[in-house]
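> To start, I am sharing the structure in question, which I have written as structure tokens.
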Amino acid sequence: MSLSSAFNKARRLIALAVMVFTWALLGMVYLDKFIEPFDRLIPWLMPWKGLYTIPVQAGQQERLSILQGLLNASTRVSDIAFLVMAVSFSVFSVYLTLIYQQKQRRSHENRLLLLKNQEIARRNEFIRYISATIGHEFKNNLGRIKRRIDLLVDLPQGVKRRIDDNMGKLFADIDIFKKISDEREAGLIDFAKINLREMLERLAEQYSDLADITFQGSIPPPTIFASKVLLKTVFENLIDNAIKYKKPQQPRARISVSCSMDIDTTRRYVSLSFQDEGTGMDEEQMDRCFYKSRSTQEGWGEGLYFAKYVVGLHAGKIRVGKEYTAPGKGTEIIINLPFVEETLYV
């Protein structure tokens with residue numbers, strides 16, 4: 001609580017205490033009944049009583065006249081006390097009403113300001129999300145173009161060198177563009193049911209000139225509730241890594257994709273396994289590959305970091321299959337995505 005608001009609250013409490021005290025005194029004046037120690041205030045509150053003392057030698061008529069004057073004075077004072085109480089209560093009620101309206105107005109303004117700030121924050125997150133996603137996709141697509149250019153064996157060396165130089169400049173510009181933001185907001189993602197079989201088959205066709213992608217077992221029906229764009233980007237990153245880190249003697253990357261249902265305590269998961277036959281990873285690389293800017297090979301600090309983030313947005317898990325992964329053997333990346341009943345509440 002700020003000093004100004006604390007001062008205003010104390011001022012209102014003091015005003016309320018003064019009003020209650022004043023009303024109590026006026027009520028005692030109106031009823032002509034004083035409780036201790038307020039009876040000591042009678043000479044100051046009702047000084048007119050001293051004007052109507054009855055002398056000892058006064059006669060009956062004089063006594064009646066004095067008592068009548070005392071009664072009339074008491075009536076006037078009671079009426080005045082009641083009027084003052086009514087007026088002060090009305091004024092205090094108006095004061096409280098104004099304070100309440102002021103608080104309601106400030107509360108309404110604060111809510112509007114909060115909504116505006118939330119809208120600004122949402123738009124900023126959306127801009128950062130678009131910037132990061134576009135930058136990542138540009139880099140992936142340029143990488144695919146470069147790998148396809150490398151397949152052109154008859155390309156003159158001078159032309160290839162100029163293309164590589166231009167590609168390098170584009171990669172550098174994209175890295176600067178991506179630094180605008182690397183944060184994604186889960187609330188901006190459009191979740192819907194997606195068909196895993198259809199998505200993976202289209203990816204296999206898309207990469208048919210660079211990799212041999214085979215499917216082990218059966219891909220489940222469309223029961224995954226996820227962001228199609230982001231999940232597809234994750235799969236593309238895994239395939240790109242398999243192509244990038246294939247063995248030198250391999251003309252094409254070889255990738256095996258399998259799917260199964262997994263149970264973790266009380267939750268059901270769709271488990272996807274991506275196995276390649278590339279250079280593989282050692283223990284240290286397995287432990288560091290999902291952390292941004294901590295990889296030991298170029299590329300792992302971006303693609304797998306992004307994949308881990310996206311899988312986390314889907315309340316899923318991603319890990320390296322250490323039973324299969326080894327240097328010179330290949331790499332296995334396992335993704336667990338919650339089944340549709342659980343992900344409806346993500």
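The values are calculated or read from the model by the stated rules, or taken from the named source; none is laboratory data. Not measured: the values here are computed from a predicted model. Cβ: placed from backbone, ideal geometry, glycine included. Neighbour counts: every protein chain shown.
> Any residue in the range 249-265 that is of a type in the set (S, T, N, Q) sitting within a Cβ distance under 7 Å of a residue that is part of a strand (DSSP E or B)? List the pairs, counting only those 6 or more apart or interchain.
Hits for this filter: S256/T214; S256/Q216; S256/Q275; S258/Q216; S258/S273; S260/S271.
> Does R161 satisfy the criteria of being under 25 Å from L142 (Cα atoms) and modelled with pLDDT under 65? Quick ask: steps written out before the conclusion?
On the way: under 25 Å from L142 (Cα atoms): yes; modelled with pLDDT under 65: no.
Taking the combined requirement at face value, the residue does not satisfy it.
> Taking the condition of being among the hydrophobic types (A, V, I, L, M, F, W, C) and at pLDDT below 90, how many residues in the range 296-341 meet it?
Adding up the residues that qualify gives 11.
> Take E125 and tell me if it is under 26 Å from the mean Cα position of the chain (by Cα), surrounded by 13 or more Cβ atoms within 10 Å (Cβ to Cβ) and at pLDDT below 80.
When the stated conditions are applied, E125 passes them.
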